[in-house]
Amino acid sequence: MSDRTQSPDPVPSAHARRDAALFLWKWIQAPTRIGSVWPSGRSLGRAMAAELDLSVPGAIVELGAGTGPVTATLLQSGVPAERFYAVERDPALAAVLRQRFPSIRVLEGDAGELPALMRAEGVEQLAAVVSCLPLVSLPRTLVRRVIEGAFDILHPDGRFIQFTYGVVSPIPLRHFRLEARRVCRVWRNVPPAAVWRYTRRPGVAVGHGG
Ligand SMILES: C[S@@+](CC[C@H](N)C(=O)[O-])C[C@H]1O[C@@H](n2cnc3c(N)ncnc32)[C@H](O)[C@@H]1O
């Protein structure tokens, strides 16, 4: 596991301050669904982007894109816009994303319905899922639908990348048979975060009750 100590993120622009205010308002309305009072920083977005393997065929999907700080970094890191889909359940946040990233597809909907959302776009296979969902505060049944749905359509070599502010795996490994690795810590994020990478265990079903 590496520690990311890149140079500090720049001073927030007016645009970033507006995002922060909208995000805080959303958090006040639904704290467990938003999961953070502050949008992610670029260092965290870069750390997640570094885990992508673009040679794996299929779409790249970001779950819980919010106001788009990770979306922007993924695009800057070379994710082709035509392969990129952002899923966001909150209509106001989805509208911000559509306006800000006209080159990608923004799907307003529930990450727990991922296979159906992707099928409606004509996408059968994903190369990677970059999840910004607050898995530790979402209902367990929704987490199960997110993880099982994502791995149902993820390429066998595909990766599920997730950040967390906690110290343990944000996907409860007692409920899912996955290879899990904490790949780095990002201290220059508020709050500091860790990035986890999950892959399928060959020949093993992902879910096993609980
Ligand atoms: C921690 S925020 C991350 C936002 C942004 N990606 C960032 O890193 O700043 C979590 C986001 O997940 C969204 N979300 C929560 N539950 C969701 C669900 N079931 N389906 C899609 N998006 C969801 C929230 O609306 C929120 O925008």
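The listed residues 131, 169, 55, 77, once ranked by accessible area (1.4 Å probe) with the largest placed first, stand as 55, 77, 169, 131. Just to confirm my numbers, what's the Cα centroid distance between region 180-200 and region 34-80 in Å? One Cα centre to the other: 13 Å. Between 59, 86, 16, the GNM of the chain built on Cα springs shorter than 10 angstrom shows 16 fluctuating the most. Summarised as an ellipsoid, the chain has semi-axes of 24, 19, 18 Å, derived from the eigenvalues of the Cα gyration tensor scaled by 5 and square-rooted, with the largest first. A Cα-only calculation for region 128-176 places Rg and Dmax at 10.6, 28 Å. Take the chain with all the other protein chains still there, run a 1.4 Å probe, and you get 47 Å² of accessible area per residue.
The values are calculated or read from the model by the stated rules, or taken from the named source; none is laboratory data. In this text the structure is predicted, and so the values were computed from the model without any measurement. These accessible areas exclude ligands, DNA and RNA; they are computed on the full protein's heavy atoms, side chains included. Shrake-Rupley method; radii C 1.70, N 1.55, O 1.52, S 1.80 Å.
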